[in-house]
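Chemist: Once you've had a glance at the structure underneath, I'll fire off some questions.
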Amino acid sequence: MEEERAENAVDRTLGRLRAIDTRPAPEGTGPFATPLPPDGPGGSGGHPAEQPLTLADLYRDHRLRLVRLAMLLVDIPATAEDVVQEAFTGLHRHWTGLRDETAAVAYLRAAVVNGSRSVLRRRRTAREYVPPHAANARSAESLAMLSAEHQSVVDALGLLPPRQREVLVLRYYGGLTESEIAEAAGMSRGTVKSTASRALDAVQRIMADQQAGAAGRRGTAGDVR
């Protein structure tokens, strides 16, 4: 029951962020405009006039959600932007070896997860690093659109171990299946399932502690009055 309550809270919050972020970017934005070779991704994937899919198309269609994914993993917007930019640079290098758009997007997701892990590893080795306040994890626009309940869920996600956070973010923000999460995060499906269960238990405990702390502060304030 407790895990189900946590799952519903995470699903509602990351679903809200996904809805906020799923907005079309302006045409012609982004630094990538390499057309797809005949044997690479593309073709008739819903793009105008059956034109070959380009890196610019992928950048326009997927960049925003990839940046959000990275933000939820590494907390700092500028760092998330760097992680995603590096993922697209890597995609450019591997362009001719990809089968289709699905393979290209899977490559980008895995690159963002791996890039985020590298950032977190570097942080752990920097003794002077102080984790940013959770408010830095979202853009000001998106944060303003979140209720206090949703903000508390995102704050709880920020306190999880990296692998647990990855699995929940990929599942409830990315909307991925267990198999897709396993591919993006480099783990087995069984590990995905057990990690998700532990992560939801942890989210429930963290949120319960937050609520208890808030209640205690309200009680103290009442005593002072």
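The values are calculated or read from the model by the stated rules, or taken from the named source; none is laboratory data. Computed from a predicted structure; not experimentally measured. Cβ coordinates were reconstructed from backbone atoms using ideal geometry, including for glycine residues, and neighbour counts include every protein chain displayed.
Chemist: Taking the range 159-206 on its own, how many of its residues are assigned to a helix (DSSP H, G or I), more than 16 Å from the chain's Cα centre (by Cα), surrounded by fewer than 20 Cβ atoms within 10 Å (Cβ to Cβ) and among the hydrophobic types (A, V, I, L, M, F, W, C)?
Modeler: So the answer is 2.
Chemist: Now, a different point. Does the range 76-83 include one or more residues that are part of a helix (DSSP H, G or I), out of contact with any strand residue (DSSP E or B) (no Cβ under 8 Å at 6 or more places or on another chain), crowded, with 23+ Cβ neighbours inside 10 Å and at pLDDT 90 or above?
Modeler: From the range 76-83, those part of a helix (DSSP H, G or I) are 77-83; that's our starting set.
After this cut, where a residue has to be out of contact with any strand residue (DSSP E or B) (no Cβ under 8 Å at 6 or more places or on another chain) as well, the list is 77-83.
Those still in the list that are crowded, with 23+ Cβ neighbours inside 10 Å too: 80, 83.
Restricting the remaining residues to those that are at pLDDT 90 or above gives 80, 83.
Taking every residue of the range 76-83 in turn, at least one turns out to be part of a helix (DSSP H, G or I), out of contact with any strand residue (DSSP E or B) (no Cβ under 8 Å at 6 or more places or on another chain), crowded, with 23+ Cβ neighbours inside 10 Å and at pLDDT 90 or above.
Chemist: Kindly indicate the residue of the range 113-158 that is among the hydrophobic types (A, V, I, L, M, F, W, C), under 13 Å from Leu17 (Cα atoms) and assigned to a loop (DSSP other than H, G, I, E, B) and also modelled with the highest pLDDT among those meeting that condition. I'd like the intermediate steps shown before the answer.
Modeler: To start, the set of residues in the range 113-158 that are among the hydrophobic types (A, V, I, L, M, F, W, C) comprises 113, 119-120, 126, 130, 134-135, 137, 140, 143-146, 148, 153-154, 156-157.
Checking which are under 13 Å from Leu17 (Cα atoms) leaves us with 137, 140, 143-146, 153-154.
Those still in the list that are assigned to a loop (DSSP other than H, G, I, E, B) too: 145-146.
Working: Met145: 64, Leu146: 71.
By that ranking, first place goes to Leu146.
Chemist: Further question: Filter the range 94-110 down to the residues that are surrounded by 15 or more Cβ atoms within 10 Å (Cβ to Cβ) and assigned to a helix (DSSP H, G or I) and list them by number.
Modeler: The answer is Trp95, Glu101, Ala104, Val105, Ala106, Tyr107, Leu108, Arg109, Ala110.
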